[in-house]
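**Student:** This is the structure, below, for whatever I ask next.
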Amino acid sequence: MSNCHIALLEAVHKGDSSQVVNLLLQGCEQGVIDSALCWASRYGNVEILEHLLRTGGDPNARVWGGFTPLLWAVMYSSNADVIHILLQAGSDVNHFSSRYRQTALHAAVIRGNEMFASLLLEAGANPDLQDRMFKTPLLHAVQKRQPSCVALLIKHNCNVDLSGWVSGLSTTPLTLALIQGDLEITKMLLLAGAKFSNPAIYHSFTIEQYYKTVEDNLDIDVRPVYLQQQCRVCIRQLLKPHFLQKLRELTLPRPLKGFLEISELDSVNESMA
């Protein structure tokens, strides 16, 4: 490791922007600048981040397992300005890490950071990308019992039926929510048109239990609600990609727009209280 590399990283670790500028003026290799950019993103230091970007730091540099500055920022920082700056600089919002194949959206949901997840989705993050265990951000949100992230992903038209591996078993978000006894998230998924499947590995959770949970505990008449949700799912699918952007541009009666937006999600928390 060169003296410049060590000195620049030390300056970033200390948050010494003046020293960072001095070292950059002396000249540093691209790899050194990119490493420093990742650390500045991790620490949420906007001033140093901007210096590094102006000096040629690559917002899509891949270091240490394929992690980009955006992934580092979402995983460790609490500063939303860093996310804004990296996205404006051209960070690939759908890049995934080498080992776990997780995107920045996966990372935001795993942290339970709804604000970061919203920024990423608005910037074009694909909510249906699956990681090494085939888990979508939605499945992570369900597993970690994060209803706000579940609602956000549903509003951005994620696929609510994609299965992934949880504790060595393949499951859908709805089945996982039912097994975890999470009625709030179960209701959200049903409103989004999630289908109940009964794979052999979960043979102990029967279709009868499903109907009892939904109709008795949630007071939802499954059959007509299911037909209504499938109609909504079909229309929402036709508006992919950039679902929300297209929906905002359409001139529709407020009830119809609310139906397509699944506006009922906004009142789920109140009804479950």
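**Student:** With a ≥ b ≥ c taken as the square roots of the eigenvalues of the C-alpha gyration tensor of the stretch 38-86, please select rounded if a/c is under 1.5 and otherwise prolate if a/b is larger than b/c or oblate if it is not?
**Tutor:** Here the stretch 38-86 falls in the oblate category.
**Student:** Kirkwood Rh, Cα Rg: Rg to Rh for the stretch 1-87?
**Tutor:** 0.92
**Student:** Moving to a separate point now. Taking the Cα centre as origin and putting +1 on Lys and Arg beta-carbons and -1 on Asp and Glu beta-carbons, what dipole magnitude results for the chain, to the nearest 20 debye?
**Tutor:** Result for the chain is approximately 520 debye, rounded to the nearest 20.
**Student:** Return TRP39, TRP165, TRP64 ranked ascending by Cβ neighbour count within 10 Å, so the fewest neighbours appear first.
**Tutor:** The most exposed by this proxy come first: TRP64, TRP165, TRP39.
**Student:** If each residue of separation counts as 0.36 nm, what is the full-extension length gain between LYS212 and LYS14 once their alpha-carbon separation is subtracted?
**Tutor:** The LYS212-LYS14 span can extend by a further 65.5 nm.
**Student:** Here is a follow-up. Compute the Rg to Rh ratio over the stretch 104-212 from the alpha carbon atoms, using the Kirkwood formula for Rh, and round to two decimal places.
**Tutor:** 0.96
**Student:** Projected area of the stretch 23-136, taken from the Cα convex hull and averaged over every viewing direction, in nm²?
**Tutor:** For the Cα atoms of the stretch 23-136, the hull's average projected area reads 6.3 nm².
**Student:** I want to make sure I understand the PRE zone here: with the label point 7 angstrom from the Cα of ASN126 toward its beta carbon, which residues in the stretch 146-186 have backbone N atoms less than 17 Å away?
**Tutor:** From the stretch 146-186, the list is 156-164.
**Student:** Here's something else I'd like to know. Which distance in nm do the two modelled labels at ARG99 and LEU250 give, with both placed 7 Å along the Cα-to-Cβ direction?
**Tutor:** In this crude spin-label approximation the distance works out to 4.3 nm.
**Student:** Right, another one. For a 22 Å ceiling on Cα separation, which of these pairs sit above it: LYS155/LYS212; LYS144/LYS212; LYS187/LYS257; LYS155/LYS240; LYS187/LYS240; LYS155/LYS246?
**Tutor:** LYS155/LYS212; LYS144/LYS212; LYS187/LYS240
**Student:** Across the Cα atoms of the chain, what radius of gyration and what greatest pairwise Cα-Cα distance (Dmax) are found, in Å?
**Tutor:** 21.9, 71
**Student:** What is the dipole size for the stretch 59-149, taken about its Cα centre, with +1 at each Lys and Arg Cβ and -1 at each Asp and Glu Cβ, in debye to the nearest 20?
**Tutor:** 420
Bear in mind these aren't lab numbers, they're just calculated from the coordinates by the rules spelled out. Please read these numbers as outputs of a predicted model, since none were measured by experiment. Virtual Cβ from ideal backbone geometry, glycine too; neighbours counted across all protein chains shown.
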